[in-house]
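The next block holds one structure in the form of structure tokens; read it before the comments.
Read-outs: derived from the displayed coordinates by stated rules, not from any lab. This one's a predicted model, so the numbers in the text were calculated from it and none came from an experiment. FYI the Cβ positions are ideal-geometry reconstructions off the backbone, even for glycines, and counts take in every protein chain you see.
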Amino acid sequence: MPGTNFKNIGIKYRPIKSELKSKRKVLEPERVIRWPFMKAIREGYKKSFFPKINPYVEAYQFRDNAWALFEESMDGAGDLWMYLIEGPEKIMIIDTGFGVGDLKGLILKLVSDPEKPIICVNTHNHYDHCYGNAQFDECYCSIPELHLMRQKNNAHVWDYLFNEKGEGIWTEFDKNDVIEFVPWEPIGVENGHIFDLGKGYLVECVYITGHTAGQCGYYDHVNRDIFIGDANSCGAPQYEGEPFAENYSVQAKRDQLRLFKPRFDEVNGVFPGHGMIDQPSKALNYLLDACEWVCEHPDWVEEKKTRKHPATGVESVIYTKYIQEGSTLRFNRDNVYYPDDKKDLVLGRDLKAEDYPD
Ligand SMILES: [Zn+2]
């Protein structure tokens, strides 16, 4: 789409009208396409909102049996989407947000049969995707994400959101609405693992790494929708010697996307963790195109910025390659490729959860 890949000059910050109990103190920048999309959907589209059950989440039904659940970011980053699928015998929740407000109660209100068991799965371990896990006993993720997910399984994950007075730093919300912490069990699954929601309603785990060591998507075989989490960016290992460090590379993302590529055309909707939802399958092609481009010409990108890591103080160069139709692929220049001998691990060959115990 022409005209979408220009730089964010004169960027604005305007609120989007909402009845949510959270009030952002630090607004999201008005990114091209993404911001008007969010404004249109949130101010103009039919939504379900049950403030007595959960005043922090808006639910948008996009299929007969599936909802996109919107929550504002509590820490100054991008507002987020979680996804809910009601299968014939089981319910699946994909990501659990910040853990502020009763997500489980909302799920049971939205589905037709609240007696059905809930399967909780995560795309990755970041604060905005898994802090609500404490409402669920078991939470599934990819095997390379297990070590990061285990670090988030503690009662202090919310501490950084508040100042000394107990007020939200980036977003105003009631501290008492943080869910009670109950330890949950992270369970790692292989690339291609199938979840059965009953009567042949299958959802498949699809590794699309890079953003974290084990970021993955979930592919609903019936609606042919894929929920890709934060697949549009690449991060960097979080500590020295981190397992699966090779998975942060653009090349790893490219190689995993190539594995799924034969099925791109059958995909109906692409649903990321932030921004525009229900994108056509070509969004996957565009993402793969960007990865192919970066692997061929890593220095030919639209933006280059030096960034100091807020915790470690280590400087790295963050590159941004524009993806067609308004999205971007962010990556760390030091992390474009992985060593050849890691290929089997990156592709998940013979990766078994029991090989990565606590
Ligand atoms: Zn993330």
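Would you be able to tell me the number of residues in region 236-252 that are in a loop (DSSP other than H, G, I, E, B) and surrounded by fewer than 21 Cβ atoms within 10 Å (Cβ to Cβ)? I'd like the intermediate steps shown before the answer.
First, the residues of region 236-252 that are in a loop (DSSP other than H, G, I, E, B): 236-244, 249.
Then keep just the ones that are surrounded by fewer than 21 Cβ atoms within 10 Å (Cβ to Cβ); that gives 236-243.
So the count comes out to 8.
Answer yes or no: is there a residue in region 113-120 that is surrounded by 24 or more Cβ atoms within 10 Å (Cβ to Cβ) and either without any contact (Cβ under 8 Å) to a residue 12 or more places away in the chain or closer than 27 Å to A353 by Cα (or both). So that I can check it myself, show each step before the final result.
Kept after step one, since they are surrounded by 24 or more Cβ atoms within 10 Å (Cβ to Cβ), are these residues of region 113-120: 120.
Checking which are either without any contact (Cβ under 8 Å) to a residue 12 or more places away in the chain or closer than 27 Å to A353 by Cα (or both) leaves us with 120.
There is at least one residue in region 113-120 that is surrounded by 24 or more Cβ atoms within 10 Å (Cβ to Cβ) and either without any contact (Cβ under 8 Å) to a residue 12 or more places away in the chain or closer than 27 Å to A353 by Cα (or both).
When Q151 is evaluated against the numbered criteria (1) within 16 Å of the ligand (Cβ to nearest atom); (2) free of Cβ contacts under 8 Å to residues at least 40 places away in the same chain; (3) under 17 Å from the mean Cα position of the chain (by Cα), which criterion, by number, is the only one it fails?
Of everything listed in (1) within 16 Å of the ligand (Cβ to nearest atom); (2) free of Cβ contacts under 8 Å to residues at least 40 places away in the same chain; (3) under 17 Å from the mean Cα position of the chain (by Cα), Q151 misses just condition (3).
Which count do you get for residues in region 211-253 that are within 25 Å of Y127 (Cα to Cα), more than 15 Å from the ligand (Cβ to nearest atom) and of a type in the set (D, E, K, R)?
5
If only one of D265, D255 is among the acidic types (D, E), closer than 24 Å to L148 by Cβ and either out of contact with any strand residue (DSSP E or B) (no Cβ under 8 Å at 6 or more places or on another chain) or assigned to a loop (DSSP other than H, G, I, E, B) (or both), which one is it?
Only one candidate qualifies: D255.
How many residues does region 120-173 hold that are in a strand (DSSP E or B) and of a type in the set (F, W, Y)? Spell out how you get there, then give the answer.
Step one: list which residues in region 120-173 are in a strand (DSSP E or B), which gives 120-121, 138-142, 162, 168, 171-172.
Applying the additional criterion that residues be of a type in the set (F, W, Y) yields 140, 162.
Qualifying residue count for the region: 2.
Would you please name the residue that is farthest from K23 (Cα to Cα), looking only at residues in region 139-153 that are surrounded by fewer than 21 Cβ atoms within 10 Å (Cβ to Cβ) and in contact with a Pro (Cβ under 8 Å, 6 or more places away or on another chain)?
Result: H147.
If you go through region 183-198 one residue at a time, do you hit one that is assigned to a loop (DSSP other than H, G, I, E, B), in contact with a Pro (Cβ under 6 Å, 6 or more places away or on another chain) and away from the ligand (no atom under 16 Å from the Cβ)?
Within region 183-198, the subset assigned to a loop (DSSP other than H, G, I, E, B) is 183-184, 190-193, 197-198.
Now drop any that are not in contact with a Pro (Cβ under 6 Å, 6 or more places away or on another chain), which leaves 198.
Keeping just the survivors that are away from the ligand (no atom under 16 Å from the Cβ) gives 198.
Yes.
Filter region 199-210 for residues that are part of a loop (DSSP other than H, G, I, E, B) and more than 13 Å from the ligand (Cβ to nearest atom); which is nearest to T306 (Cα to Cα)?
Narrowing region 199-210 to residues part of a loop (DSSP other than H, G, I, E, B): 199-201, 208-210.
After this cut, where a residue has to be more than 13 Å from the ligand (Cβ to nearest atom) as well, the list is 199-201.
Working: K199: 51, G200: 49, Y201: 46 Å.
Ranking the qualifying residues of region 199-210, first place goes to Y201.
Here is a check on your reading of the model: is K308 over 20 Å from A231 (Cβ atoms), out of contact with any His (no Cβ under 6 Å at 6 or more places or on another chain), surrounded by fewer than 16 Cβ atoms within 10 Å (Cβ to Cβ) and in contact (Cβ under 8 Å) with a residue 60 or more places away in the chain? Spell out how you get there, then give the answer.
Numbers: over 20 Å from A231 (Cβ atoms): yes; out of contact with any His (no Cβ under 6 Å at 6 or more places or on another chain): yes; surrounded by fewer than 16 Cβ atoms within 10 Å (Cβ to Cβ): yes; in contact (Cβ under 8 Å) with a residue 60 or more places away in the chain: no.
When the stated conditions are applied, K308 does not pass them.
Residue check: is V301 β-branched (V, I, T) and not in a loop (DSSP other than H, G, I, E, B)? Quick ask: steps written out before the conclusion?
Numbers: β-branched (V, I, T): yes; not in a loop (DSSP other than H, G, I, E, B): no.
No: the conditions fail for V301.
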